[in-house]
Structures are given as structure tokens and as C-alpha cells.
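The values are calculated or read from the model by the stated rules, or taken from the named source; none is laboratory data. All figures in this text were calculated on a predicted structure; none of them were measured in a lab. A quick note on method: Cβ atoms are made from the backbone with ideal geometry, for glycine too, and the neighbour counts reach across all protein chains shown.
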Amino acid sequence: MYEKSIELLNKAVGDELAAVHQYMYFHFHCEDQGYDLLAGLFFRTAIEEMGHIERCAERILFLGGDVELVAAASVTKIQDVGKMLEMARLMEETSIKEYNLWANECSANADSASKKVFEDLVVDEERHYDQYDTEAKNLQKFGDRYLALQSIERSKNIASGAPAE
Ligand SMILES: [Fe+2]
Ligand SMILES: [Fe+2]
């Protein structure tokens, strides 16, 4: 009866795992290029996506399934900050659409707890989308000055003795 829910939750696990890998890749490269604010944003978002995997996994096990920990996509090797934000926005947009549909599907199968998991995920993904959208718009608006500000942030942190993330 809950086979469809298990399948959808496992699809979500695969997407979330791909997001963790992609955002960590972006995190490494932002850090390497000295863009600490963005590096921090990608890092924190990756951790939240890991929390999403946990929520789905718990639900899958409760329903009697098993967790397929296979990333839905391999990492896209982008090093340009503007393109990173573009891809991140698209990934969140896709998750929002899919999780809304899957919430409805779980609801149609009278599985309201799985529906709630997807609904809660949608709220987080909308926030992620918004954060990436803001950064993408700032980059568009301020161009190189936006990137310069990111570099200055690192210098400020080093000068104040704050530990690097
Ligand atoms: Fe997520
Ligand atoms: Fe997300």
C-alpha cells in the first residue's frame, strides 16, 4: 500500500544526495576563490539537504522499505559563481515542483505523514531558492563589486582572528 510513497521518498533521497554533493563542490570552489559568504551559504544548505535525507530515510524505514543511497546525478563541474547560483536556483525550483506533486500523490494514497514530509521539505527548498535568488540578483546588480565584497569578508575575518569555516 505504501510502495509508491517509499519509491517517491527514495527518489527524494537520490535528489537530496545529489544536492549535497553539488553544493559541497560549490562550497570547495567558492572557498578556494576566496568567496567566503557564498562558501558558507553552500555549506549550510548542503547540511540542511542532509537533514532532508534523514527525514525521508526515517519515513522509508517506518513504512518497511529500505533506503537507496544513490545520488540522482553526478556533480556538474562549474567554477563560475554566476553559473553556480543559476544551477542552484534551478535545482531548488525542480525540488519545489517535484515535492509538491509527490505530496499530492502521497495524499491520494492516504499517506498523510509522507505528504507532511514533502510539504515540510517544500518550505525549506523555497527558502533555499530565495537565498540563491537574492545572491544571483546581487551578483547581477553589483557585478565585480559583489565578488570583491566577498573577498573583503575573508580579510576582515582573518584580521579579527575569526576561525575560518
Ligand atoms: Fe532538500
Ligand atoms: Fe534545497
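Here are a few things to note about the model shown:
- Taking the numbered list (1) closer than 30 Å to Leu149 by Cβ; (2) touching a residue at least 40 places away in the same chain (Cβ under 8 Å); (3) away from ligand 1 (no atom under 16 Å from the Cβ) in turn, Glu48 passes all entries but (3).
- For region 75-109, a residue qualifies if it is touching a residue at least 12 places away in the same chain (Cβ under 8 Å), outside any helix (DSSP H, G or I) and not β-branched (Val, Ile, Thr), and the qualifying residues are Lys77, Gln79, Asn109.
- A count restricted to region 110-133 and to residues that are more than 15 Å from the chain's Cα centre (by Cα) and assigned to a helix (DSSP H, G or I) stands at 7.
- Only listed residue being within 30 Å of Asp80 (Cβ to Cβ), touching an Asp or Glu at 6+ places or on another chain (Cβ under 8 Å) and either outside any helix (DSSP H, G or I) or away from ligand 1 (no atom under 16 Å from the Cβ) (or both), chosen from Arg154, Arg145: Arg154
- Which numbered condition His27 misses (of (1) in contact with a Phe, Trp or Tyr (Cβ under 8 Å, 6 or more places away or on another chain); (2) within 13 Å of ligand 1 (Cβ to nearest atom)): (2)
- Scope region 30-45; condition touching a helix residue (DSSP H, G or I) at 6+ places or on another chain (Cβ under 6 Å) and more than 12 Å from ligand 1 (Cβ to nearest atom); matching residues: Cys30, Glu31, Gly34, Tyr35, Asp36, Leu37, Leu38, Ala39, Phe42, Phe43
Conditions tested, residue by residue: (1) of a type in the set (Ser, Thr, Tyr); (2) within 30 Å of Leu147 (Cα to Cα); (3) at pLDDT below 95.
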site	(1), (2), (3)
Ile6	no, no, no
Val13	no, no, no
Met24	no, yes, no
Phe28	no, yes, no
Gly65	no, no, no
Thr94	yes, yes, no
Ala108	no, no, no
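- Matching option when the condition is closer than 24 Å to Glu153 by Cβ, acidic (Asp, Glu) and buried (at least 21 other Cβ atoms within 10 Å of the Cβ), among Asp80, Asp36: Asp36
- A Cβ distance below 7 Å, combined with a sequence gap of six or more or placement on separate chains, defines the contacts here; from region 1-27, residues that are part of a loop (DSSP other than H, G, I, E, B) reach residues that are away from ligand 2 (no atom under 15 Å from the Cβ) in the pairs Tyr2/Leu63; Tyr2/Asp111.
- Among residues of region 72-90 being among the aliphatic types (A, V, I, L, M) and closer than 12 Å to Tyr25 by Cβ, the one that is farthest from ligand 1 (Cβ to nearest atom) is Ile78.
- Qualifying residues in region 110-145 (those that are among the aromatic types (Phe, Trp, Tyr) and touching a residue at least 24 places away in the same chain (Cβ under 8 Å)) - the one surrounded by the fewest Cβ atoms within 10 Å (Cβ to Cβ): Tyr129
- Any hit, region 46-60, residues being more than 19 Å from Asp124 (Cα to Cα), touching a helix residue (DSSP H, G or I) at 6+ places or on another chain (Cβ under 7 Å) and not in a helix (DSSP H, G or I): no
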